[in-house]
Amino acid sequence: MLKKVKALVKDNTPVAHDIFKMTLYCPDADLRQFVPGQFAHISIPGHEELLLGRPFSISTADAAAKIVTIVIKIIGKGTKALAHCRKGAELSAILPVGRGFLLQDRDKSVFLIGGGVGIAPLLSVIQKWPDKQYEAFLGYRGRAYSYCTDDFSCCNAVHIASDDGTIGEHGLVTALLENHLKSNTPDLILSCGPTPMLCALKKLIEPLAIPCQVSVEERMCCGFGACAVCVCGVKTEQGLDYKKVCVEGPVFDLFKVVL
Ligand code: FES
């Protein structure tokens with residue numbers, strides 16, 4: 001049963017331009033069944049007009065300590081209010097929510113493809129399944145927007161691309177991946193990032209039939225399955241089904257979800 005719990009800000013640090021890493025202590029949350037890809041739906045403090053919470057992918061989770069980290073990119077009033085929360089602030093949140101990534105024993109080599117704030121939740125994949133062989137492909141707008149790059153140093157390789165060429169290769173992260181796939185094919189690809197990146201990924205890997213799970217971004221209202229604001233199309237054998245991203249996603253099979 002999803003319910004709102006207290007989330008105390010233990011730390012909130014700028015990690016790049018307009019991007020903050022927030023650490024939350026949630027004494028009443030049960031994180032034991034946390035699955036990478038799940039998110040926290042966080043209410044906005046100090047703005048009575050902003051009734052709706054905002055979804056943030058959980059970047060790391062410590063079930064014993066009841067601590068999660070999220071990455072916040074300022075894009076509007078709500079995210080700005082959260083970015084400005086200081087240590088000690090008390091928020092309310094529903095977490096963990098949704099269906100996350102699923103790795104099986106047969107998935108030995110895994111490529112992680114992240115774009116922008118979509119890079120953050122991929123860290124929890126490594127945290128949960130440390131015995132896999134990972135390669136990370138990270139796409140940023142530019143050096144000023146890059147964060148947590150070093151956190152992927154445990155991967156066999158880290159490939160970086162940026163829109164302006166100020167960090168890594170100049171161009172799209174999917175172009176980097178395309179080059180790499182000529183010599184190396186993983187058992188599984190996991191990805192999180194903006195929809196255009198996911199579309200490019202689909203176009204690239206569909207002919208290669210590499211299994212791929214993606215975390216999709218969708219507008220949310222309630223965050224716990226009650227309002228149906230967040231539905232997306234998912235292909236089934238019967239045709240098209242509609243799923244609530246908040247509770248039946250945000251992770252879907254790339255070849256089934258309608259982007
Ligand atoms: Fe309300 Fe998903 S946000 S059902």
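With respect to the stated conditions, L82 fails to be in contact (Cβ under 8 Å) with a residue 24 or more places away in the chain and in contact with a Phe, Trp or Tyr (Cβ under 6 Å, 6 or more places away or on another chain).
For D253, state whether it is in contact (Cβ under 8 Å) with a residue 40 or more places away in the chain and over 30 Å from P14 (Cβ atoms).
Considered against the rule, which asks whether it is in contact (Cβ under 8 Å) with a residue 40 or more places away in the chain and over 30 Å from P14 (Cβ atoms), D253 comes out as yes.
Kindly evaluate V257 against the criterion of being at pLDDT 95 or above, surrounded by 21 or more Cβ atoms within 10 Å (Cβ to Cβ) and of a type in the set (A, V, I, L, M). Reasoning before the result, please.
Working: at pLDDT 95 or above: yes; surrounded by 21 or more Cβ atoms within 10 Å (Cβ to Cβ): yes; of a type in the set (A, V, I, L, M): yes.
So V257 passes the test.
Being touching a strand residue (DSSP E or B) at 6+ places or on another chain (Cβ under 9 Å) and farther than 29 Å from F39 by Cα is the filter here; which residues of region 144-170 pass it? D164, T166, E169, H170 - these are the residues of region 144-170 that are touching a strand residue (DSSP E or B) at 6+ places or on another chain (Cβ under 9 Å) and farther than 29 Å from F39 by Cα. Within region 143-175, if we keep just the residues that are over 19 Å from the mean Cα position of the chain (by Cα) and on the phi > 0 side of the Ramachandran plot, the residue that is surrounded by the fewest Cβ atoms within 10 Å (Cβ to Cβ) turns out to be G165. Where helices (runs of 4 or more DSSP H) fall entirely within region 157-259, those with at least 2 residues that are within 16 Å of the ligand (Cβ to nearest atom) are at 245-248.
Looking at V9, V15, V35, V68 in this structure, which one is part of a strand (DSSP E or B) and under 26 Å from Q213 (Cα atoms)? Only one candidate qualifies: V68. Among the residues of region 43-65, the ones that are of a type outside the set (A, V, I, L, M, F, W, C), in a loop (DSSP other than H, G, I, E, B) and in contact (Cβ under 8 Å) with a residue 40 or more places away in the chain come to 3 in all.
Name the residue, out of L103, L50, that is of a type outside the set (D, E, K, R) and over 30 Å from E178 (Cβ atoms).
Details: L103 fails: over 30 Å from E178 (Cβ atoms).
After applying the criteria, what remains is L50.
Considering each of I75, I113, I126, I119 in turn, give the residue that is within 19 Å of the chain's Cα centre (by Cα), closer than 15 Å to C155 by Cα, β-branched (V, I, T) and open to solvent by 10 Å² or more (accessible area, probe 1.4 Å). Write out each step before concluding.
Values: I75 fails: closer than 15 Å to C155 by Cα; I113 fails: open to solvent by 10 Å² or more (accessible area, probe 1.4 Å); I119 fails: open to solvent by 10 Å² or more (accessible area, probe 1.4 Å).
Criteria check complete, one pass: I126.
Taking region 179-233 as the range and being among the hydroxyl-bearing types (S, T, Y) and open to solvent by less than 30 Å² (accessible area, probe 1.4 Å) as the test, the residues that pass are S191, S215. Residue count for region 91-110 under the criterion of being surrounded by fewer than 19 Cβ atoms within 10 Å (Cβ to Cβ), aliphatic (A, V, I, L, M) and closer than 29 Å to N12 by Cα: the result is 0.
The values are calculated or read from the model by the stated rules, or taken from the named source; none is laboratory data. No experiment lies behind these values; they were computed from the predicted model shown. Neighbour counts are summed over all protein chains in view; Cβ atoms, including those assigned to glycine, are modelled from backbone coordinates with ideal geometry. Only protein heavy atoms, including side chains, enter the accessible area calculation; ligands, DNA and RNA are left aside. Shrake-Rupley method; radii C 1.70, N 1.55, O 1.52, S 1.80 Å.
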